[in-house]
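The values are calculated or read from the model by the stated rules, or taken from the named source; none is laboratory data. All values derive from a computational prediction rather than experimental measurement. So basically every Cβ, Gly included, is an ideal-geometry build from the backbone, and we count neighbours across all protein chains shown.
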Amino acid sequence: MADTSDFKNGAVIKFNNDFYTIVEFQHVKPGKGGAFVRTKLKSISTGRVLENTFNAGVKIDFARIERNKYQFLYSSGDDFTFMDMEDFNQVTVDRKMIDNPLYLKEGQEVFLLINFDDNKILGVELPFSIEMKLTEVELAEKGNTATHASKKAITETGLEVQVPLFINEGDIIKIDTRDGKYIERVNK
């Protein structure tokens, strides 16, 4: 068993009967009292972020998580089917394990997080950015050209995103999956 001195960003720990990724941490040695480690943890199962403080040297149970590349095939109700890119086996994942299912389109590559000890799927990790075709775009209002003006657009999966006024229906755009914001128009 390891302790708090082994913390690294991206490491996965078992804490409060759940698996958490260490987003950031800071060792603090105050002038008075014992040292401690301030952390920001993200739940793999729910995506919820929490802040927690551990006493320095406390024993922590690190989890062995595999990140395997899979391809999204299709969805049926709340079930999403993925195919392993190496052995072509298919697995089904519940909708609750995906942060935002509207970021998924058929053929897209993602990583499934799998617990090494029991081979259980813990979650789906999306790429940082995705490309989507716009199927519906609001008309820009004349005179609405103040700095950073935007309009509503709908992607091929039904995702709603704010885009600049020069974007048109049928354009392919790049979207940041961490915050759902427009990054750029893709020329294809």
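Summary table below
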| read-out | value |
| --- | --- |
| Among residues of the range 86-128, those that are in contact (Cβ under 8 Å) with a residue 60 or more places away in the chain and among the hydroxyl-bearing types (Ser, Thr, Tyr), counted | 1 |
| Residue within the range 15-24 that is over 16 Å from the mean Cα position of the chain (by Cα), outside any strand (DSSP E or B) and over 25 Å from Lys133 (Cβ atoms) present | yes |
| Cβ-Cβ under 8 Å pairs, at least 6 apart or on other chains, the range 52-68 side within 17 Å of Val28 (Cβ to Cβ), far side surrounded by 12 or more Cβ atoms within 10 Å (Cβ to Cβ) and acidic (Asp, Glu) | Gly57/Asp3; Val58/Asp3; Ile60/Asp3 |
| Residue match in the range 132-150 (condition: touching a residue at least 40 places away in the same chain (Cβ under 8 Å) and loosely packed, with under 15 Cβ neighbours inside 10 Å) | no |
| Only listed residue being more than 24 Å from Lys69 (Cα to Cα), at pLDDT 85 or above and out of contact with any His (no Cβ under 6 Å at 6 or more places or on another chain), chosen from Glu141, Glu131, Glu184, Glu156 | Glu184 |
| Options Lys40, Lys69; residue that is outside the structural domain of Leu112 (by TED's automatic domain parsing) and out of contact with any Cys (no Cβ under 6 Å at 6 or more places or on another chain) | Lys40 |
| So Asp6, is it loosely packed, with under 12 Cβ neighbours inside 10 Å, charged (D, E, K, R) and within 29 Å of Ile98 (Cα to Cα) | yes |
| Residue that is farthest from the chain's Cα centre (by Cα), among those in the range 36-49 that are surrounded by 13 or more Cβ atoms within 10 Å (Cβ to Cβ) and hydrophobic (A, V, I, L, M, F, W, C) | Phe36 |
| Strands (runs of 3 or more DSSP E) contained entirely in the range 87-188, each with at least 1 residues that are aromatic (Phe, Trp, Tyr) | 109-115, 182-186 |
| Members of the range 15-26 found to be surrounded by 14 or more Cβ atoms within 10 Å (Cβ to Cβ) and of a type outside the set (Val, Ile, Thr), listed by number | Phe15, Asp18, Phe19, Tyr20, Phe25 |
